[in-house]
Amino acid sequence: MIADERSVLAQAAAWQDEGLGVALATVIQTWGSSPRPVGSQLAINERGTFQGSVSGGCVEAAVIKAALEIIEGAPARRLDFGVSDDDAWSVGLPCGGRISVFVERVEPARDGEG
Amino acid sequence: MKRALLDALIAAHADNRPAVLATDLDGGEQYLLDDPCPPGMDPELHREALARAARGKSGVASRGERQLFVHVLSPRPRLVIVGAVHIAQGLAQMAMMHDYEVVIVDPRKGFASPERFAGVRLVTEWPDRALQELKLDGRTAVVTLTHEPKLDDPALTRALASEAFFVGALGSTRTQHKRLERLRQHGLEEAALARIRGPVGLPLGSITPAEIATSIMAEIVQWRRRGPQPARAPA
């Protein structure tokens, strides 16, 4: 089944309930042609399994790499992707647009919370 | 993101309530925009985020160096299917795949059975009553599939008096012609009748129930994304 907004968030919660570390990536800005609109999300767990999308598959690998560091304790951060650098083949957008993605950890519920 | 916030977003989506999440892009602090402006947050930036949320579009609100991502999670669109027929089974599945809330209306309990529509909300009242209670709004599409005027006509009458963004009726061009005649005699105006897409569905040459469901879903997507389309030339 195709992952919609609900299933991406629900998947993030379900992974955390299984005891896995989880990060959430969200498209926060786009310029020009971009494959997924602002608000599109990708959930990633500590094993690198993911659900949803922030592009048409073009930048997911780089987002997952950052997400794994953030699950390990690195601070939340913003990733910008375009086509202008040498890395374009691996982490750029072939459609010529630019996107910004915010990647954050889903904090585990503390005792007595949520 | 705190787990309690994640759970709040999941609950809002399940109940089909809107929710707006604000994320401070410097540091990652988050809050729901329904809540009061938290201490430490620039009230001007908070107001700008509210204005952006009111426009219904996600995006970045900024003031100076400070940036706030405003994530608007809108209620899902809704599809009301009148007639729990074979085509409705495929159409309900497709609509759910497109993240529509689906309601099937059919007083014939043999058709509207949970065995035939697992996980779909079924309403077994008469369509005029059912559609009145469903409060059809601008994010709702209505499609009649029964071929039975006693069920389709009252449903269409209710749908045309509502703000539903799409109203479609299954049936051949000839059936549509007769349907319009009946509704005209019931006093419906031409402007209202012109809103009925009939025969419903983009012309794909569909034959099977699943193919017909595809053509109907495609037309609903077209209206949702591009707005009302001009009347089709008679086939």
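Worth a mention:
- Mean projection of the Cα convex hull over all viewing directions, computed for the protein assembly as shown: 21.4 nm².
- Spin-label model distance (nm) - B:Asp34 vs A:Ala14, 7 Å beyond Cα toward Cβ: 2.5 nm
- If R0 equals 45 Å, the separation of the Cβ atoms of B:Arg108 and B:Arg225 corresponds to a calculated FRET efficiency of about 0.85.
- GNM top mover of B:Pro107, B:Pro203, B:Pro43 - chain B, alpha-carbon springs below 10 Å: B:Pro43
- Note on segment B:78-226: Cα convex hull, mean projected area over all directions, 8.1 nm².
- The mean number of Cβ atoms from other chains found within 10 Å of a Cβ in peptide B:68-77 is 3, as a whole number.
- Label-zone membership for segment B:74-109, site B:Ala218, 7 angstrom Cα→C-beta point, backbone N under 16 Å: B:91, B:94-95
- FRET efficiency, 1/(1 + (r/R0)^6) with R0 51 Å, evaluated for B:Ala161 and A:Asp80 via beta carbons: 0.55
- Nearest-ten-degree value, helix B:209-226 long axis tilted from longest Cα axis of chain B: 50 degrees
- In chain B, taking the dipole from charged Cβ atoms about the Cα centre, the farthest positive-side position among B:Ala130, B:Met96, B:Val20 is held by B:Ala130.
- Highest-first arrangement of A:31-40, B:179-188, where packing means the average Cβ count within 10 Å: A:31-40, B:179-188
- Total charge dipole magnitude, segment B:78-226, about the Cα centre, Cβ charges on Lys, Arg, Asp, Glu only, Debye to nearest 20: 140 debye
- Cα-based reach from B:Lys150 at 17 Å (exclusive), listing aspartates and glutamates while leaving out same-chain residues under 8 positions away: B:Asp106, B:Glu125, B:Asp128, B:Glu181
- Compared with the dominant principal axis of the Cα atoms in chain B, helix B:149-160 is inclined by about 40°.
- Per-selection Kirkwood Rh - segment A:5-105 (Cα, Å, 1 d.p.): 13.4 Å
- The modelled label-to-label distance between B:Leu50 and B:Ser62, using points 7 Å beyond Cα along the C-beta direction, is 2.4 nm.
- Between 0 and 90°, nearest 10: helix B:3-14 axis offset from chain B longest Cα axis: 20 degrees
- MRE, 222 nm, helices only [DSSP H, n ≥ 4, -39500 (n - 2.57), over the protein assembly as shown, to nearest 500]: -10500 deg cm²/dmol
- Within 10 Å of each Cβ in B:5-18, the average number of Cβ atoms from other chains: 3
- Dipole of the protein assembly as shown computed with +1 at Lys/Arg Cβ and -1 at Asp/Glu Cβ about the Cα centre; of B:Ser206, B:Met217, B:His186, farthest Cα towards the positive end is B:His186.
All of the numbers you see were taken from the coordinates with simple rules; none came from a lab. The shown structure was predicted, so the numbers you read here are calculated from the model rather than taken from an experiment. All Cβ positions, even for glycine, are placed from backbone atoms using ideal geometry, and neighbour counts span all protein chains on display.
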